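The values are calculated or read from the model by the stated rules, or taken from the named source; none is laboratory data. Here the structure is a predicted model, which is why all the values come from computation and not from measurement. Reconstructed Cβ throughout: ideal geometry from the backbone, glycine too, with neighbour counts over all protein chains shown. The accessibility values were calculated without ligands, DNA or RNA, using every heavy atom of the protein model including side chains. Shrake-Rupley method; radii C 1.70, N 1.55, O 1.52, S 1.80 Å.
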Amino acid sequence: MHIAVVGLSHRTAPVEIRERLSIPEQTMEDSLQRLRSDEQVLEASILSTCNRLEIYTLLRHPEQGITAVGQFLSQVSGLAIEDLSPHLFTYHHEEAVGHLLRVAAGLDSLVLGEGQILSQVKRMVRLGQEHRSLGPILNRLLNQAVSTGKRVRTETRLGTGAVSISSAAVELAQLKVGQARGQDEMVPLDQEQVAVVGAGRMARLLLQHLQAKGCRGVVLLNRTLSKAELLAADFPDLPVQCRPLEDLDHCLSTCSLVFTSTGAEDPIISAERLSGLNRRSSLMLVDIGVPRNIAADTASLPGVQAFDVDDLQEVVARNQEARREMAAEAEALLEEEARLFLEWWDGLEAVPVVNRLRRLLEDIREQELQKALSRMGPDLSARERKVVEALSKGIINKILHTPVTNIRAPQPRPHRHTAMRVLEELFELHDPVQSD
């Protein structure tokens with residue numbers, strides 16, 4: 001068995017590739033079942049966010065398994081494998097474990113130390129458990145990743161003042177508004193007419209940061225008006241005007257700054273739509289949806305500036321250096337957590353040998369117990385029979401305890417392999433699978 005992760009992220013693929021590999025929650029069950037239908041994929045889990053799609057697997061054979069995962073990604077994206085491959089990364093065993101822990105800790109995020117990724121990893125675990133695509137190996141690994149992410153945020157300074165994609169989007173808007181005024185710095189947004197399209201988790205964070213950056217009011221649009229009103233109620237100090245999505249054209253005509261974060265699979269704002277409106281002279285569009293909510297052709301219109309998640313790097317780079325020192329605090333912790341999992345994983349190598357030894361001794365115990373009971377005659381009470389049986393089981397368990405504990409204890413792999421071979425030779429523990 002082999003642990004591997006195959007995927008792409010903001011580091012390896014542009015947004016136009018990432019949006020073709022976004023897997024929404026409503027199709028996750030089907031995707032996991034398709035992965036698990038291949039005999040090479042023993043366990044599987046999918047992490048799908050705006051900045052990454054990663055497939056974590058337990059494979060029967062590494063090469064065939066990786067090929068199967070690549071074919072799945074090709075089918076999902078509609079891209080030929082040769083077009084998709086340059087954007088993919090593949091990590092095996094120790095590297096795969098280390099990568100997952102870095103992701104959960106926020107060390108692999110566009111915004112270093114972001115907190116939202118941990119909830120997305122938790123969601124990955126929940127969906128894998130609900131759809132029964134996880135087994136004991138990945139279940140343990142993913143849960144350890146969640147606990148590691150929590151530990152990093154409580155035991156290091158990385159979680160202090162951590163920013164998110166949404167806050168980076170607001171800061172990008174501040175920077176671009178400032179540059180439009182001839183200042184290469186972030187400025188307050190108190191003079192902007194602001195709209196937010198969508199009422200999910202990202203929109204909540206947008207409102208939070210808009211309020212903190214001096215925004216005086218927001219138009220909040222959503223397909224379901226009641227959901228927008230519930231969100232707006234959580235921001236009593238920020239004037240929020242809730243409108244149905246049908247009023248989007250009106251907002252695009254009257255607002256100067258529009259953020260989008262919806263679950264739409266196709267763009268909801270395009271050059272064609274904007275061209276038909278009587279717009280004000282300037283409009284800034286900031287899209288943090290993946291798939292994108294704003295078509296790339298909008299930037300070609302006069303007076304329109306359009307930015308997507310890949311453009312956030314400009315503002316993220318300004319804050320990254322200060323956070324690198326904080327990230328260094330987490331590295332030793334991650335190494336410790338990875339070592340703990342890998343020691344547990346390595347100990348599993350001995351399980352088949354231990355099980356064969358246990359079966360051998362159990363067969364001997366059963367045979368000798370029956371001989372002893374037959375010699376004792378029919379006068380032996382049921383209670384006495386149980387005592388004798390318990391005695392025989394206790395002896396076997398005592399004999400097994402020390403060798404089993406030692407062979408599964410943390411140790412260099414060659415040492416464990418030597419101990420396993422000694423047991424197999426001394427007790428003639430032939431593997432029936434290898435003997436066939």
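Look at segment 325-357 and say how many of its residues are within 18 Å of R421 (Cβ to Cβ) and open to solvent by 60 Å² or more (accessible area, probe 1.4 Å). Matching residues across segment 325-357 total 3. Can you name the residue in segment 261-275 that is in contact (Cβ under 8 Å) with a residue 40 or more places away in the chain and not β-branched (V, I, T) and, of all such residues, is surrounded by the fewest Cβ atoms within 10 Å (Cβ to Cβ)? Within segment 261-275, the match that is surrounded by the fewest Cβ atoms within 10 Å (Cβ to Cβ) is E265.
Every residue, every condition in (1) farther than 24 Å from E16 by Cβ; (2) among the β-branched types (V, I, T); (3) open to solvent by 50 Å² or more (accessible area, probe 1.4 Å); (4) touching a helix residue (DSSP H, G or I) at 6+ places or on another chain (Cβ under 7 Å), yes or no:
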| site | (1), (2), (3), (4) |
| --- | --- |
| P236 | yes, no, yes, no |
| C242 | yes, no, no, yes |
| F259 | no, no, no, yes |
| G289 | no, no, no, no |
| A295 | no, no, no, yes |
| L301 | no, no, no, yes |
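When the residues of segment 219-234 are narrowed to those that are among the small types (G, A, S) and crowded, with 17+ Cβ neighbours inside 10 Å, which ends up farthest from the chain's Cα centre (by Cα)? It comes out as A232.
For segment 271-300, which positions are among the β-branched types (V, I, T) and outside any helix (DSSP H, G or I)? Residues satisfying the conditions are V286, I288, V290, I294. Only residues that are on the phi > 0 side of the Ramachandran plot and either under 15 Å from the mean Cα position of the chain (by Cα) or aromatic (F, W, Y) (or both) were counted in segment 78-114, giving 2.
Residues checked against (1) without any contact (Cβ under 8 Å) to a residue 12 or more places away in the chain; (2) touching a helix residue (DSSP H, G or I) at 6+ places or on another chain (Cβ under 9 Å); (3) open to solvent by 70 Å² or more (accessible area, probe 1.4 Å); (4) hydroxyl-bearing (S, T, Y):
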residue: R385; (1), (2), (3), (4): no, yes, yes, no
residue: S392; (1), (2), (3), (4): no, yes, no, yes
residue: I396; (1), (2), (3), (4): no, yes, no, no
residue: I399; (1), (2), (3), (4): no, yes, yes, no
residue: P410; (1), (2), (3), (4): no, yes, yes, no
residue: R413; (1), (2), (3), (4): no, yes, yes, no
residue: R416; (1), (2), (3), (4): no, yes, no, no
residue: E428; (1), (2), (3), (4): yes, yes, yes, no
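Within segment 305-325, the presence of at least one residue that is of a type in the set (F, W, Y), in contact (Cβ under 8 Å) with a residue 12 or more places away in the chain and in contact with a strand residue (DSSP E or B) (Cβ under 7 Å, 6 or more places away or on another chain) is confirmed.
It is to be established whether one or more residues within segment 16-38 are open to solvent by less than 10 Å² (accessible area, probe 1.4 Å) and over 18 Å from the mean Cα position of the chain (by Cα). For segment 16-38, residues open to solvent by less than 10 Å² (accessible area, probe 1.4 Å) and over 18 Å from the mean Cα position of the chain (by Cα): absent. Scanning segment 1-49 for residues that are in a helix (DSSP H, G or I) and charged (D, E, K, R) gives E16, R18, E19, R20, E25, E29, D30, R34, R36. Take the residues in segment 116-167 that are open to solvent by less than 30 Å² (accessible area, probe 1.4 Å) and outside any helix (DSSP H, G or I), then tell me which one is farthest from L333 (Cα to Cα). The selected residue is S133.
Every listed requirement among (1) in a helix (DSSP H, G or I); (2) within 24 Å of L118 (Cα to Cα) is met by A199 save one, (1).
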